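Nothing in this text is a laboratory measurement; each read-out follows from the coordinates by a stated rule. Fair warning: this is a prediction, and the values are worked out from it, not measured in the lab. FYI the Cβ positions are ideal-geometry reconstructions off the backbone, even for glycines, and counts take in every protein chain you see.
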Amino acid sequence: MTPKVSEEYKRKKRIEILKAASQVFQLKGFEPTTMKDIKEAANISFGALYSYFSNTEEIFLEILELSNVENDSKENELEATAWGKIEFLLDTQAAGFDRLQQSMVPVTYEYLMTSWREEKRRQLLQNRYEQGVKELLSFIQQGKANGEFSPTLSETAIAKMIISTLEGLNISSLFLEQKLVEAKNQIEVLKSVLKTILNLKEN
């Protein structure tokens, strides 16, 4: 008779598998990674692995979702002005440029690169974009409501400009040398531009 395991055990085991899989994806990329790779990294049997996940794509998508939840949690816990929240997001992005190659960022781009021909991935890309715009727009509107900002341009356009700039810096930083891209300096330039177009009222 197979012993019963608690829901808490299952939750922890699932997280362990996701952490092991994340390391494999970062090392090998999305397409080359196999269930065998993940099984060996997690030090479990195929039976145990398949009792939690059906394939590598399912695992990868759950890793992304878990990362989104963790990022949202950090931002929700942040007690700051609207500008403080925007600056925190930009500073977090800047801090990640040095370890971009050793993160899930290149794996995510690899996965989404085929979104033009795979509807499921295209929808994921669109959802991520819409969520990013929605989050930034909420910061801008918060700042406008409390008197921090008096935007001189469309609030939605500003939010989309931030997303486009950060995506461009990620891609450039992945394929080009940091000293050429100067991504951190560009983040500082972006901050200066935002202060102007948001008409930030600094104390």
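Estimated purely from DSSP H runs of n ≥ 4, each contributing -39500 (n - 2.57), the mean residue ellipticity at 222 nm for the chain is -23500 deg cm²/dmol once divided by its residues.
Helices from the chain with mean Kyte-Doolittle at least 0.0 and a Cα length along the axis of 18 Å or more, per DSSP H: which?
Numbers: long enough: 7-28 (31 Å, -0.95); 56-77 (32 Å, -0.79); 82-96 (22 Å, 0.23); 119-145 (38 Å, -1.15); 155-175 (31 Å, 0.91); 183-197 (21 Å, 0.21).
Taking the DSSP H segments of the chain (at least 18 Å long, mean hydropathy at least 0.0), we get 82-96, 155-175, 183-197.
If you stretched the chain out fully between I15 and L112, how much longer would it get, using 0.36 nm times the residue separation minus the C-alpha to C-alpha distance?
Details: separation 97, 0.36 × 97 = 34.92 nm, distance 2.33 nm.
This chain segment gains 32.6 nm when fully extended.
Every pair of different Cα atoms in region 78-203 enters the Kirkwood calculation, which places the hydrodynamic radius at 15.6 Å. Note on region 1-159: along the principal axes its Cα atoms extend 65, 38, 31 Å, ordered by decreasing extent.
State, to one decimal in nm², a quarter of the convex hull surface area for the C-alpha atoms of region 102-167, i.e. the direction-averaged projected area. Provide the component values of the computation, followed by the final result.
Details: hull surface 22.0 nm².
Taking a quarter of the hull surface, the average projection is 5.5 nm².
What does the extension gain come out to for R99 and A145, with contour length at 0.36 nm per residue minus their alpha carbon separation? Walk me through the intermediate numbers first.
Values: separation 46, 0.36 × 46 = 16.56 nm, distance 3.64 nm.
That pair, R99 and A145, stretches by 12.9 nm at full extension.
Modelled label positions at T92 and E7, each set 7 Å beyond Cα in the direction of Cβ, lie 2.8 nm from each other. For K13, the lysines whose Cα falls under 28 Å of its own Cα, not counting residues fewer than eight places away in the same chain, are K4, K28, K36, K39, K74, K120. For the pair F175 and F46, the difference between a 0.36 nm per residue extended length and the Cα-Cα distance amounts to 42.9 nm. Between L137 and S54, the modelled labels are 3.3 nm apart [label points 7 Å from Cα along Cα→Cβ].
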